Structures are given as structure tokens and as C-alpha cells.
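The values are calculated or read from the model by the stated rules, or taken from the named source; none is laboratory data. Everything numeric in this text was worked out from a predicted model, so none of it was measured. For neighbour counting, all protein chains shown are included, and Cβ atoms are generated from backbone atoms with ideal geometry for every residue, glycine included. Only protein heavy atoms, including side chains, enter the accessible area calculation; ligands, DNA and RNA are left aside. Shrake-Rupley method; radii C 1.70, N 1.55, O 1.52, S 1.80 Å.
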Number of protein chains: 2
Amino acid sequence: MAGTSTPALAAAVSNAGGLGSIGVAAMKAEAARKSIHETRALTRKPFNVNVFCHAPAKLDTARDAAWLAYLAPEFARFDATPPTALSEIYTSFVADDAMFAMLVEERPAVVSFHFGLPQQEKIDALHDAGITLLASATNLAEARAVEAAGVDAIVAQGYEAGGHRGRFEDLGDRVPTDDEQLGTLALVRLIVTHTSVPVIAAGGIMDGAGIAAVLALGAQAAQLGTAFVACPESAADAAYRERLTGANPPRTALIRAISGRPARGFVNRLYALEQTADRPDLPAYPVTYDAGKAINAAAKAKGNSDYAAQWAGQAAPLARAMPAAELVGVLRAELHETLDALRDLATTF
Amino acid sequence: MAGTSTPALAAAVSNAGGLGSIGVAAMKAEAARKSIHETRALTRKPFNVNVFCHAPAKLDTARDAAWLAYLAPEFARFDATPPTALSEIYTSFVADDAMFAMLVEERPAVVSFHFGLPQQEKIDALHDAGITLLASATNLAEARAVEAAGVDAIVAQGYEAGGHRGRFEDLGDRVPTDDEQLGTLALVRLIVTHTSVPVIAAGGIMDGAGIAAVLALGAQAAQLGTAFVACPESAADAAYRERLTGANPPRTALIRAISGRPARGFVNRLYALEQTADRPDLPAYPVTYDAGKAINAAAKAKGNSDYAAQWAGQAAPLARAMPAAELVGVLRAELHETLDALRDLATTF
């Protein structure tokens with residue numbers, strides 16, 4: 001939830017008994033340090049700091065220019081012009097030594113990796129600093145890699161999940177079928193059965209019934225993202241909140257044309273532009289995001305949110321707008337209700 | 001499980017306390033009647049009869065010929081030639097009055113619909129005959145249509161599920177992105193929350209933990225398909241069983257080139273042929289299946305199973321080869337174990 005999480009949201013969740021998270025992947029080390037300090041000012045409880053471990057972008061100015069040319073008519077709709085060039089707008093944790101040094105210094109209770117694993121020596125050093133480590137996996141091969149690296153828990157990210165697919169390999173623009181697309185139910189059960197590391201289930205979980213379901217599958221915990229986006233403490237803007245909690249939320253899809261990697265969100269104009277048969281290849285991740293943010297800014301300046309990155313999981317229609325602490329309480333109550341109902345059910349067969 | 005289910009498998013499941021099913025979609029009415037009689041000879045318990053409600057195929061001889069020409073080199077690998085023409089190898093229930101009349105006469109306890117709903121007067125007549133009706137849904141719009149038709153329960157078919165996607169609309173060959181692709185966890189929770197009809201969860205459920213999970217989501221029951229394919233009572237051949245229970249099962253994908261509609265199975269040579277950029281359009285469903293069965297027969301005659309329809313869900317690596325009655329007993333025991341563990345867990349937070 002880089003860009004949507006806030007210190008206030010993370011602290012509220014941690015204070016209420018959950019494990020709050022701040023996403024610092026799009027920040028430089030010093031901004032991330034500030035975010036950690038802000039969160040610590042609001043809670044004395046443990047929280048998680050999430051970083052991205054994708055392969056650093058390979059620049060390709062011709063490809064970038066072709067994409068910008070393709071988007072030029074979209075900019076023109078808002079009396080704007082595309083940027084003249086694109087850049088890698090943030091640095092992967094695997095190449096960000098300042099971020100690594102900051103985390104070893106600050107020692108947040110938990111650090112989580114997405115899109116892969118950092119170098120083993122970084123994993124070991126973070127461990128030596130007393131940090132509990134998590135890493136996401138979207139299939140069994142990735143889960144086994146997480147286990148082999150000695151990471152403390154696997155975040156099993158099912159196909160339902162909002163936001164970026166955590167796949168380790170980004171096999172390029174024209175290979176959409178290599179993703180195993182494992183739904184949360186299948187993925188969690190496969191990973192629980194085939195690894196011996198604690199599993200945190202993610203994807204499509206919006207309420208206590210969903211949490212109970214993944215506990216039944218053998219997960220030790222559930223990770224909820226979309227469920228917290230409509231909380232007043234998140235950084236989501238009004239248009240995003242309105243789509244999340246409105247009467248007819250749009251459907252979600254894996255969209256690549258916003259950032260350069262597949263990420264699940266409400267379908268938007270960039271998704272439509274991605275689906276055309278004659279579009280040029282996308283720039284690398286996160287270079288595409290530079291263009292995505294630019295066209296969104298141009299549109300938003302004219303009151304248009306059709307290009308916004310509004311990440312949301314498949315169960316987004318179950319989102320609720322309430323303060324995060326209250327939501328954690330509701331989730332706990334629903335979980336107990338569900339477990340009570342299952343106990344009664346067990347006597348009937 | 002048309003083609004894989006058998007009267008022996010259905011009866012064994014029903015006798016063990018489940019609801020066995022026979023898939024008669026690919027049969028004519030009299031063969032289906034015989035299958036019902038055979039099942040009744042093996043069990044006095046209720047069982048389900050599954051039919052397909054797709055739109056009848058639109059024939060297009062030029063398109064069919066182009067597809068056969070595309071497959072000709074594949075036939076040549078096995079010293080065979082493609083058929084000279086393709087046909088609609090079985091009739092949709094919506095157009096099969098003999099099947100409808102047979103079901104009203106035979107009155108199986110349960111009939112289930114896939115790919116949509118039949119005419120309302122057929123639904124009403126089957127109800128009047130005392131038959132409990134089920135229909136699959138892959139999204140909320142389909143679930144609401146099932147509820148509106150007065151069908152007794154919704155089979156929520158998640159993206160994990162093996163076999164044909166039950167989508168009501170088949171929007172043609174070149175529209176792969178219209179499917180909401182809802183994972184079982186998200187789909188079941190959405191349908192339970194937004195409809196008031198009992199829900200039967202399907203997709204990725206292979207053991208008692210999976211059953212407990214969907215009960216937690218509010219489903220009234222779980223439907224397992226892939227879990228029963230390796231039972232000795234199924235009609236699966238040796239190659240299919242070997243892939244299911246071997247050390248490294250292949251990954252699954254939604255394959256369209258076998259039958260003409262997306263169906264999840266182990267990736268095979270036809271899947272690869274479907275993914276090429278320059279392939280011709282596929283014939284209609286189930287006309288494509290005529291070609292798929294022909295190339296599979298040619299290959300199988302030479303000991304090759306690369307073209308076989310080996311339907312399997314995403315959690316196929318959890319399949320177990322044991323008699324169906326024994327499997328039902330194991331599932332029941334696992335379900336109780338899981339519910340017991342959840343009861344203990346509830347006391348810890």
C-alpha cells in the first residue's frame with residue numbers, strides 16, 4: 001500500500017491489536033526514516049515496513065518515447081503535453097544501500113519484501129538487527145525460495161489481492177500467460193502443505209469470515225489491504241474512496257499500463273489503452289509509472305480520475321469506511337462470530 | 001466432470017454421505033437415462049445430474065476449416081489426417097427437449113446447470129417434478145440471475161476450479177479480459193453477502209481444511225471435482241492419473257483450444273497452439289471439441305497424451321488416489337480436525 005498507507009493508519013491498526021504496515025517502497029531512505037519516526041510517535045506497538053525487491057529497471061529510451069507518443073492524445077485531452085523523458089522513479093531495495101542501512105539502524109519490528117528477495121547478506125543483517133522478516137509469494141516455487149532464504153513468514157498473495165502482484169520474475173510485456181494466477185484458497189493450502197514456515201494469507205479477505213477461512217486453511221494470520229483503504233486514516237483521495245464504497249464498484253483487473261507491472265485495481269482508462277492490439281511495448285517497471293503518474297496528474301488537475309491508480313482486490317465491494325481501530329474491532333468480533341458458528345456446525349454432521 | 005464421472009463414482013460418494021454427481025452433458029437423453037439407472041442400481045441415496053446450458057453453437061464452416069488446417073501438422077505427427085468437417089458434438093440442454101423430458105420422467109433428486117440457465121418453464125417443470133436445482137455462477141451478476149430464476153442453490157465456481165468455466169456469456173474468441181476471474185474466496189464471500197440463496201463453493205477445495213474454509217465464508221457446502229478424479233471409480237485414464245498424483249504435476253491454465261470454451265486443465269500441446277499470435281479463430285463451443293477429441297485420439301493411438309483434456313483445478317497437487325468412499329471419510333475426519341483446531345484457536349485471542 002505504498003502511497004495509500006500512512007503512519008496514522010499503521011499506528012491505529014497496531015494500537016488496536018493488529019500489525020500495521022507502512023509502505024516505503026516509493027520513498028528514499030530519509031523519507032522512509034521519517035515515516036518510521038512518525039509511526040513510532042503514534043504507537044509503541046510493533047509495525048511492519050514494506051519494501052520492493054524487483055529487478056532494477058533496464059532503461060530503453062526508444063521504448064519510453066514510443067509509449068509517451070502513444071499517450072500524447074490522452075495528455076492532449078487535458079491541454080497537457082507528455083513529459084519529454086521517463087525515469088526510474090524509485091529504487092529497488094536490492095539496489096538501495098541507504099534504505100538498507102537505515103533499516104538496520106532503525107530496527108523496525110518487522111520488514112516485508114515484495115517482488116522477490118534481497119541479497120542473502122541483507123536478509124542476514126536485518127535478522128541480526130532483530131527484525132522479523134516477511135516476503136510475499138504467489139506460487140509454490142516462490143514460497144520455497146522464501147523458506148530457503150530463512151525469512152520468518154511467507155505472505156501468500158492470492159490472485160484476488162489488490163495492488164501489485166508480488167511475482168518474483170517479471171517476464172516482460174508480452175508474456176501474460178506465465179502467471180499461475182493462483183487464487184488465495186488454493187495458494188494458501190498449497191503453501192501450508194508444502195512448506196514449514198508460517199503463512200500469512202492475503203487476497204480477497206475483507207471481514208472476519210475471510211480471516212476465519214484462511215485460518216482454516218492453515219494460515220497463521222491474514223493480511224488485509226483493500227479493507228483498510230476506505231479508513232479515514234489512509235491517503236486515498238475522494239474519488240478512490242467513492243469507487244470503493246459506492247453502490248456499484250467497478251470491476252478489478254490486473255493492470256500493467258499504470259506502473260509497468262501487473263497490479264490489481266479498478267479498471268480505468270489506462271487499462272483500456274493497454275488492451276488495444278496495436279499499443280507499443282510498455283516501458284520497464286517502474287518507468288511506466290512515471291508516465292502513469294504524469295497523465296493522472298494532468299487529468300486530476302481537470303477533475304478527471306479516469307487514469308488514477310486505485311488498487312483494489314476482487315472483494316472490494318465488501319469495503320467499509322470506518323476508522324481503522326474500529327475496523328480492527330469489527331474484524332475481531334466477526335472472526336469470533338464465525339468461529340462460534342463453525343463450532344455449532346461441527347456438532348451437526 | 002462429464003467424461004470423468006461414472007455411476008460407480010457418484011454412487012460411492014452418495015453412499016459415503018456426500019452428494020455424488022454424474023455429468024451427462026455430452027450424452028444423448030437415452031444414454032443419460034441409462035447412466036441414471038446405473039447409478040440408482042448402486043445407491044439408494046440422492047445424487048446430482050449435471051447438464052450444460054450454453055448457447056447452441058453457430059456453425060461456420062470456413063472458420064472450422066481454418067482451424068482444421070492449422071491442426072493438420074499436428075495430425076501429421078501421428079500419421080493421421082484431420083476430419084473433413086466438424087460438428088456440434090453434443091446438444092445444449094436449452095435445445096434438448098428429449099433430455100428435459102427424460103429428467104422430468106426420471107426425477108433424479110438433484111439437477112445442476114452449468115454455463116447458464118435453461119428456459120424458465122423448464123426450471124419450473126423440473127421443480128414441479130420434485131427435483132432440487134443447482135446452477136453455477138462465476139460472478140455476482142450470474143448469481144443474481146440464478147437467484148431470480150428460483151433455483152435452489154448457487155454453485156459459486158471460483159477461478160481455481162478445474163474444468164469448464166461456467167460463465168453464462170461466451171463473448172467470443174478474442175475477448176479474454178472480460179472474465180472477472182474471481183477467486184473462490186472472494187467469489188463465495190461476495191455471493192453469500194449479496195444473495196439469500198444457499199451457496200455451494202467450488203474451486204481449489206481438495207481436503208477438509210478447504211471445506212472448513214468455505215463453510216467459514218458462509219457456504220452451505222463444498223463441491224469437489226479434481227479431488228475425486230484420481231479415485232479408482234473415475235473414468236480418468238492412466239496418463240491423467242499419473243499427472244494428477246505424480247511428483248511434479250504440470251501447472252494448470254484456462255485452455256480454450258480443446259473445446260472452444262475456457263476450461264482449466266493441465267497445460268498441454270493444444271494450449272501452446274492456442275497461445276501463438278497467428279492462430280486462426282477457434283470454432284464455436286463445442287465444435288472445437290470435435291477437433292480436440294480427434295487430435296487426441298490420433299495422438300493417443302500412438303501412445304501420446306499431449307493433447308488430452310486433463311481438467312484439473314489449481315490445487316491439483318493436493319490430489320489423492322484412494323477409493324471414493326474412503327476419500328469422503330478422510331474429508332469428513334479432516335473437516336472435524338480443522339474445526340476442532342479453530343475452536344482451540346478461538347480461545348487464544
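Per residue, how many Å² of accessible area does chain B show with a 1.4 Å probe? Write down the numbers at each step before the final one.
On the way: 13210 Å² over 349 residues.
Each residue of chain B exposes 38 Å² on average to a 1.4 Å probe.
When DSSP assigns beta bridges and you keep just the ones with both residues in chain B, what percent turn out antiparallel, to the nearest 5? Please report the intermediate quantities before stating the final value.
Details: 7 of 31 bridges.
In chain B, DSSP labels about 25 percent of beta bridges as antiparallel.
Grab the beta carbon distance between B:R343 and B:T81, set R0 = 51 Å, and tell me the FRET efficiency rounded to 0.05.
Once rounded, the FRET efficiency stands at 0.20.
Could I have the simple spin-label model distance between B:H127 and B:D178, label points 7 Å from Cα toward Cβ, reported in nm to one decimal?
So the two model labels end up 2.9 nm from each other.
State to the nearest 20 debye the size of the charge dipole of the range A:1-107 about its Cα centre, where the only charges are +1 on K and R beta carbons and -1 on D and E beta carbons. Before the final figure, lay out each step's value.
Values: 10 positive and 11 negative charges, 93 e Å.
Dipole magnitude for the range A:1-107 comes out near 440 debye.
Taking the alpha-carbon set of the range B:4-105, what are its Rg and Dmax in Å?
For the range B:4-105, the Cα-based Rg and Dmax read 18.1, 50 Å.
GNM on chain A, C-alpha springs below 10 Å: top fluctuator among A:G246, A:G150, A:G218?
A:G246
Mind jotting down the distance between the C-alpha centroids of the range A:111-157 and the range A:206-264, whole Å?
23 Å
In straight Cα distance, which lysines are under 30 Å from B:K300, not counting same-chain residues fewer than 8 positions off?
Output for B:K300: B:K28, B:K34, B:K58.
Label B:R144 and B:A239 with points 7 Å out from Cα along Cα→Cβ: what is the distance between them in nm?
In this crude label model, B:R144 to B:A239 measures out at 4.5 nm.
Can you pull out the trypsin sites (Lys or Arg not before Pro) in the range A:20-64 whose DSSP state is coil and whose Cβ has at most 11 other Cβ atoms within 10 Å?
On the way: sites: A:K28, A:R33, A:K34, A:R40, A:R44, A:K58, A:R63; in loops: A:K28, A:R44, A:K58.
When the trypsin sites (Lys or Arg not before Pro) of the range A:20-64 are filtered for loop state and at most 11 Cβ neighbours within 10 Å, A:R44, A:K58 remain.
Mind checking which of A:I200, A:I295, A:I89 has the largest fluctuation in a GNM of chain A, springs on alpha carbons under 10 Å?
A:I89
Strictly greater than 43 Å: what percent of every Cα pair in the protein assembly as shown meets that? Please report the intermediate quantities before stating the final value.
Working: 63274 of 243253 pairs.
So the pairs more than 43 Å apart make up 26 percent of the total in the protein assembly as shown.
Please go through the range A:283-349 and write out the trypsin sites (Lys or Arg not before Pro) that DSSP classes as loop and that have at most 11 other C-beta atoms within 10 Å. Show your work: numbers first, answer last.
Working: sites: A:K293, A:K300, A:K302, A:R320, A:R332, A:R343; in loops: A:K302, A:R320.
Filter output for the range A:283-349: A:K302.
Based solely on C-alpha atoms, express the radius of gyration and the Dmax of the range B:52-193 in angstrom.
18.3, 55
Provide the solvent-accessible area of B:C231, counting protein heavy atoms only and rolling a 1.4 Å probe, rounded to the nearest 10 Å².
0 Å²
Tally up the carbon and sulfur contribution to the accessible surface of the protein assembly as shown as a whole percent, 1.4 Å probe, everything protein left in place.
Numbers: 14090 of 26430 Å².
Here carbon and sulfur together make up 53 percent of the probe-accessible area.
Would you work out the relative contact order for chain B, in percent, from Cα pairs under 8 angstrom that are 6 or more residues apart? Before the final figure, lay out each step's value.
Details: 702 pairs, mean separation 64.3, N = 349.
Relative contact order of chain B: 18 percent.
Report the charge-dipole magnitude of the protein assembly as shown in Debye, nearest 20, computed about the Cα centre from +1 at each Lys and Arg Cβ and -1 at each Asp and Glu Cβ. Please report the intermediate quantities before stating the final value.
Details: 60 positive and 76 negative charges, 31 e Å.
Charge dipole of the protein assembly as shown: 140 debye, to the nearest 20.
Which residue, B:A141, B:A213, B:A253, has the most motion in a Gaussian network model of chain B that connects Cα atoms within less than 10 Å?
B:A141
Please compute the contact order of the range B:219-336 in relative form: average sequence separation of alpha-carbon pairs under 8 Å and at least six residues apart, divided by the residue count, as a percent. Working shown, then result.
Values: 151 pairs, mean separation 40.1, N = 118.
The normalised contact order for the range B:219-336 reaches 34 percent.
Work through the residues other than B:E88 whose Cβ is under 12 Å from its Cβ and net out their charges, Lys, Arg +1 and Asp, Glu -1.
Working: positive: B:K58; negative: B:D60, B:D64, B:D96, B:D290.
Every neighbour counted, the sum reads -3.
Under a Cβ-Cβ cut-off of 13 Å, what is the net charge of the residues other than B:R107 that fall near it, where Lys and Arg count +1 and Asp and Glu count -1?
Numbers: positive: B:R33, B:R40; negative: B:E105, B:E106, B:D128.
Value of the local net charge: -1.
Report A:H336's accessible area, 1.4 Å probe, all protein chains in place, as a number in Å² to the nearest 10.
50 Å²
Where Lys and Arg each count +1 and Asp and Glu each count -1, what net charge lies around A:A137 among other residues with Cβ under 14 Å from its Cβ? Don't skip to the end; give the middle numbers.
Numbers: positive: A:R144, A:R165, A:R167, A:R189; negative: A:E142, A:E147, A:D152, A:E169, A:D179, A:E180.
Surrounding charge for A:A137 is -2.
For B:A321 and B:D60 in one chain, what is 0.36 nm times their gap in residues minus the Cα-Cα distance, to one decimal in nm? Don't skip to the answer; put the middle values down first.
Working: separation 261, 0.36 × 261 = 93.96 nm, distance 4.20 nm.
Full extension from B:A321 to B:D60 adds 89.8 nm.
Considering only A:N50, A:A137, A:V104, whose Cα is most displaced toward the positive end of the charge dipole of chain A, charges sitting on Cβ of Lys, Arg (+1) and Asp, Glu (-1)?
A:N50
Could you tell me the total accessible area buried at the B-A interface, probe 1.4 Å, in square angstrom to the nearest hundred?
On the way: alone 15030 and 15040 Å², together 26430 Å².
Roughly 3600 Å² of accessible surface disappears when B and A pair.
Per residue, how big is the convex hull of the range B:177-282 when only Cα atoms are used? Give it in Å³. Walk me through the numbers on the way to the answer.
Working: hull volume 15.3 nm³, N = 106.
Convex hull of Cα atoms, per residue: 145 Å³.
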